[in-house]
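Please treat every number below as a calculation from the coordinates, not as lab data. Owing to the predicted nature of the structure, the values given are computational and were not obtained by experimental measurement. Backbone-built Cβ (ideal geometry, glycine too); neighbour counts: all protein chains shown.
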Amino acid sequence: MVDRRLFSIALEERRVRHQRIVATDDGHAEQIGRAMARQRGARYLGLTEAGAGPSADPRAALDALAHLIAAPFLTLGGRSATVGDWLAAFSGGREDADLNRAMAPAGLRVYVLPSGADFYVATSPRIAFLADCFARTPWAGGAWATTLRAIEGARATNMTFAGIASRATGLPLASAMDHVQPRSVANG
């Protein structure tokens, strides 16, 4: 029998953490942020006003959704398709494991429940398709996450997309399709 002993190892990890705080103005928020960083032995990276910009505007949220739904995606049935075309394939009210398996690496998923279908969008900027889709838009760098949550009926959850754990925003599929008509479906 091999004698086993318990060891403690030390690891240094780098992780960026976003924390919401209440402050009277930018200067006060920075002061609080720097104090929190000192307490944790972390480096202060900066601040943005939570709820500012496109994330607070429901119209901007629908624009972000329209942008995503019109985005070119994988071919479907041997022809060029958009994300909206793929979502329309679920409109029959049945869940399709093959479609979900193809969509998952892009950070997209549809679940069909008795109450209706839900469309989930990953919020992690590590998912290449979403990062590329929203690059050079007001929703770049993961800002699509809070922006899409401004849509009525949206909710935040945790999911795994092709092995990548991520927060996700869930939207009722029917309302998503009602608000935005996919370009390729509308044209033909």
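Would you mind counting up the charge near residue 108? Only other residues with Cβ under 15 Å from its Cβ, with Lys and Arg at +1 and Asp and Glu at -1. Neighbour charge sum, excluding residue 108 itself: -2.
Each label was represented as a point 7 Å from its Cα along the Cα-to-Cβ direction; for residue 155 and residue 43 these points are 4.0 nm apart. When a/c is below 1.5 the answer is rounded, else prolate if a/b is larger than b/c, else oblate, so apply that to the stretch 119-173 with a ≥ b ≥ c taken from the square roots of the Cα gyration tensor eigenvalues. In terms of gyration-tensor shape, oblate. Using a/c under 1.5 as the rounded threshold, could you call the stretch 53-186 rounded, prolate or oblate? The axes a ≥ b ≥ c are square roots of the C-alpha gyration tensor eigenvalues, and prolate needs a/b larger than b/c, oblate otherwise. Since a/c stays below 1.5, the shape of the stretch 53-186 is classed as rounded.
Modelled spin-label separation between residue 35 and residue 95, with each label point placed 7 Å from Cα along the Cα-to-Cβ direction: 4.8 nm. Sorted ascending by nearby beta carbons within 10 Å, beginning with the fewest, 112, 83 become 112, 83.
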